[in-house]
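The values are calculated or read from the model by the stated rules, or taken from the named source; none is laboratory data. From a predicted model like this one, the values you see are computed outputs, not experimental measurements. So basically every Cβ, Gly included, is an ideal-geometry build from the backbone, and we count neighbours across all protein chains shown.
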């Protein structure tokens, strides 16, 4: 089953990630689990780039509740991966993130795409809370 990325989404972050030798598996291509690490790296870098005091108070923060990846073309070392992150569908306490992965030397060829639903939670209460207004404004059109 292939999951499609929605047309209506907002580009929120763009990052170059070098493919490391250790990212490959015994078949000589990037291991499937590493694609999820690439998505995580971009998501964390994006959140870190936002104003921490307003967006990410120490008592609450993001939790991924599901994730998917469509593996379209294999990736191999060496290379530089461009991962573009999009956000969409902000709800009361959650939003969707989507990712497109291309090589920097072949920017028009998508090697993988995927997504993750992020829920904002209160760490102490272990329950969802409303998205911070500052974060909602970044995600919304």
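Note on the range 64-132: enclosed strands (runs of 3 or more DSSP E) holding 1 or more residues that are touching a helix residue (DSSP H, G or I) at 6+ places or on another chain (Cβ under 6 Å) and under 14 Å from residue 30 (Cα atoms) are 106-122. Among residues belonging to the range 57-72 that are surrounded by 12 or more Cβ atoms within 10 Å (Cβ to Cβ) and in contact (Cβ under 8 Å) with a residue 60 or more places away in the chain, point out the one that is nearest to residue 105 (Cα to Cα). Restricting to residues being surrounded by 12 or more Cβ atoms within 10 Å (Cβ to Cβ) and in contact (Cβ under 8 Å) with a residue 60 or more places away in the chain, the top hit is 70. Selection of first residues in the range 82-103 that are more than 12 Å from residue 140 (Cα to Cα) and of second residues that are assigned to a loop (DSSP other than H, G, I, E, B), restricted to Cβ pairs under 7 Å at least 6 apart or on distinct chains, gives the following pairs, ordered by first then second residue: 82/104; 92/130; 93/129; 93/130; 93/131; 98/5; 98/9; 103/79. Taken together, 50, 5, 75, 103 contain a single residue that is out of contact with any strand residue (DSSP E or B) (no Cβ under 7 Å at 6 or more places or on another chain) and crowded, with 16+ Cβ neighbours inside 10 Å, which is 50. The set of residues in the range 20-52 that are in a loop (DSSP other than H, G, I, E, B) and free of Cβ contacts under 8 Å to residues at least 60 places away in the same chain comprises 20, 25, 26, 27, 28, 29, 31. Considering only residues that are more than 16 Å from residue 111 (Cβ to Cβ) and in a loop (DSSP other than H, G, I, E, B), look in the range 4-19 and name the one that is modelled with the highest pLDDT. Only one residue fits best here, namely 9.
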